[in-house]
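> Here it is, the structure, as structure tokens.
What follows is calculated from the coordinates using simple rules that are stated; it is not laboratory data. Model, not experiment: these values are computed from the prediction. Cβ placement follows ideal geometry from the backbone for every residue including glycine, while neighbour counts extend to all protein chains displayed.
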Ligand code: SF4
């Protein structure tokens, strides 16, 4: 079943994500993808995540299609103007990519080429509009395409925005993204189910699918790092302590993920698991939840 | 106002190294207000250059503006036998002076930063990118093209933390500022407007006013 079919079927969706590395070596990444291949509806491939120069998303998505995996092509507006974005969307389609996640992208200052010229010619909302336009057979300037894609557009939302203004802004933008064609949302990593429930209440009436983002906590250091440096991600202290005290850290991390997914399952339409190299933990987590 | 900062003395020395007699020209408007190239800074820089090189002759003057013909013209009797002009104007002034005196090297003593304001004593912030299509009426008087690090036109990116932009703690998230401004003005509905795509300006800019041209021609 393709990701689009899964989405339309109304089943509880499961997606994961892989991040290409710096260089051409894809051995590990493909192995990780192979491990979860039959357990997920789609696998996202990140686009120069955290503004660090890496192997590209499109090439890796194409490799995943060769393995019979339905990839989600993450596309940010950081590095490409409207010409390159449209061209890459068409190229992706020509290479067998069917799903796109439209993102604004981190600022170059966050990565390893901090003084690169930021592009941001379009943003996540207008990129979604452009995907719709290409799907309808036209480019952004209204020129007709000879052969057009039928991409499934998705977007992200950050339910953990840390103040009222930030959260209102997130929700207003989410509405704009839906209007611009987003058919599904993957959220930033969620650790606070109460906050997530409140968020889901606020977006209840919106006609879309929300996949709760779950980031596997690989260490106490990682949790603290995210609390300090990753906008909208907040790991509550009790979870950090639970991890700290555990003898088997990997098991503790899986237990936390299992609890979170079980708790979120009835609140939303799916889960997006960011395992960060711990892909082998995904099947046992899903077994435990019964997915 | 245009905001600039003085270059390092080392770079200025490198620029003036080939010359023994230079004219150092301050600018009486923006550069005076932002304490980068007014009469006071002209005196300090002249002293510093002479302190480093006793043989150098640095004559000083400040013109009200280096970007307007009539004020640049006031320099014509002063330029004389100076081998180079060291300008403490913004990049605009430097170029205007250079085109008025094509036979003299005109050197920039400043790094022009942006169009902005003095936010507090000693701190200046950027407010306008001169993008050619002002949308401040829709954004509560806060410019996202300039003050959002990504120039986003359709709302916040999600990277802000505690009200600060993801690029640095000392830059407020422009979209949160827009939100607060629109809320104060009871205009939050502007946030929900139709998504905008920017028609980016073509550089170099050129403004033509036919009405004024005709008057000049007759
Ligand atoms: S954090 Fe705010 S100001 Fe910074 S890039 Fe994002 S929306 Fe723009």
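> Grab the Cα-Cα distance for residue A:9 and residue A:136, subtract it from 0.36 nm times how many residues apart they are, and report the gain in nm with one decimal.
Here the segment from residue A:9 to residue A:136 would lengthen by 43.4 nm.
> Consider just the alpha-carbon atoms of chain A and return their Rg together with their Dmax, both in angstrom.
In order Rg, Dmax, the Cα atoms of chain A give 18.3, 61 Å.
> Taking 7 Å along the Cα-to-C-beta vector as the label spot, tell me the residue A:84-residue A:38 distance in nanometres, rounded to one decimal.
4.0 nm
> Would you mind getting me the FRET efficiency between residue B:78 and residue A:116? Use the beta-carbon distance for r and R0 = 56 Å, nearest 0.05.
Plugging the Cβ-Cβ distance into 1/(1 + (r/R0)^6) gives 0.80.
> Now for a different question. Just from the alpha-carbon atoms, what are the Rg and Dmax of chain B in angstroms?
Gyration radius and largest Cα-Cα distance of chain B: 21.5, 66 Å.
> Show me the ranking of peptides A:78-89, B:21-32 by mean Cβ neighbours inside 10 Å, starting with the highest.
Top of the packing list down: B:21-32, A:78-89.
> Grab the beta carbon distance between residue B:210 and residue B:138, set R0 = 41 Å, and tell me the FRET efficiency rounded to 0.05.
That pair, residue B:210 with residue B:138, gives E of 0.90.
> Let me know the shape class of the range A:209-291, please: from the alpha-carbon gyration tensor, a ≥ b ≥ c as square roots of the eigenvalues, rounded when a/c is under 1.5, otherwise prolate if a/b is greater than b/c, or oblate.
Cα axes put the range A:209-291 in the oblate bin.
> Here is a further query. Counting partner chain Cβ atoms within 10 Å of every residue's Cβ in A:117-130, what's the average?
4
> Moving on to the next point. Taking beta carbons within 10 Å but only from partner chains, what does the mean come to for residues A:97-106?
Across A:97-106, the average partner-chain Cβ count within 10 Å equals 2.
> In whole angstrom, how far apart do the alpha carbon centroids of the range A:145-171 and the range A:225-291 sit?
23 Å
> Report the antiparallel proportion of the DSSP beta bridges in the protein assembly as shown as a percent, rounded to a multiple of 5.
Percentage antiparallel, nearest 5: 25.
> Further question: Give me the Kirkwood hydrodynamic radius of the range A:23-88, using the inverse of the mean 1/r over all pairs of distinct Cα atoms, in Å to one decimal.
After inverting the mean inverse Cα-Cα distance, the result is 12.7 Å.
> Relative to the first principal axis of the alpha-carbon coordinates of chain B, what is the inclination of helix B:174-184, with its axis defined by its Cα atoms, in degrees from 0 to 90 and to the nearest 10?
60 degrees
> Another one. Can you give the % of DSSP beta bridges in the range A:127-229 that are antiparallel, to the nearest 5?
Around 10 percent of the beta bridges assigned by DSSP in the range A:127-229 are antiparallel ones.
> Over what distance in Å are the Cα centres of the range A:100-125 and the range B:135-171 separated?
For the range A:100-125 versus the range B:135-171, the Cα centre distance is 14 Å.
> In addition: Highest GNM mean-square fluctuation, chain B, Cα pairs closer than 10 Å: which of B:82, B:203, B:180?
B:203
> Order these by the 10 Å Cβ neighbour count, fewest first: A:174, A:63.
A:63, A:174
> Also, quick follow-up: Suppose R0 equals 22 Å. What FRET efficiency, 1/(1 + (r/R0)^6) with r the Cβ-Cβ distance, do residue B:55 and residue B:95 give to the nearest 0.05?
The pair residue B:55/residue B:95 has a calculated efficiency of 0.15.
> Same structure again: Give the whole-number value, in cubic angstrom per residue, of the convex hull volume spanned by the C-alpha atoms of the protein assembly as shown.
207 Å³
> Using only the Cα atoms of the range B:2-114, build the gyration tensor, take square roots of its eigenvalues as a ≥ b ≥ c, and label the shape rounded, prolate or oblate: rounded if a/c is under 1.5, else prolate if a/b is larger than b/c, else oblate.
oblate
> Based on the mean of other Cβ atoms within 10 Å per residue, sort peptides A:11-17, B:42-48 so the most packed one is first.
Packing proxy ranking, top to bottom: A:11-17, B:42-48.
> What ranking do B:202, A:131 get, fewest neighbouring Cβ atoms within 10 angstrom at the top?
Fewest-to-most Cβ neighbours within 10 Å comes out as B:202, A:131.
> Further question on the same structure: Give the order of B:162, A:175, B:210, A:288 when sorted by the count of other beta carbons within 10 angstrom, beginning with the fewest.
B:210, B:162, A:288, A:175
> I would also like to ask the following. Could you state the principal axis extents of the C-alpha atoms in the range B:90-137, from the largest down, to the nearest angstrom?
45, 30, 11
> Could I ask something else about it? Between helix A:82-94 and chain A, what is the angle of the helix's C-alpha long axis to the longest principal axis, kept within 0 to 90° and rounded to the nearest 10?
Rounded to the nearest ten degrees, it is 80.
> Please report the spacing between the Cα centers of the range A:18-54 and the range B:51-105 in Å, no decimals.
Centre-to-centre (Cα) distance: 58 Å.
> To check you understand DSSP bridge types, tell me what percent of the beta bridges within chain B (both residues inside) are antiparallel, rounded to 5.
Around 45 percent of the beta bridges assigned by DSSP in chain B are antiparallel ones.
> Taking each residue in A:214-227, count the Cβ atoms of any other chain within 10 Å of its Cβ, then average. What number comes out?
Taking the mean over all residues of the peptide, I get 0.
> May I ask for the angle, rounded to the nearest 10°, between helix A:193-202 and the longest principal axis of chain A, with both axes built from Cα atoms and the value confined to 0 to 90°?
With rounding to tens, the tilt is 40 degrees.
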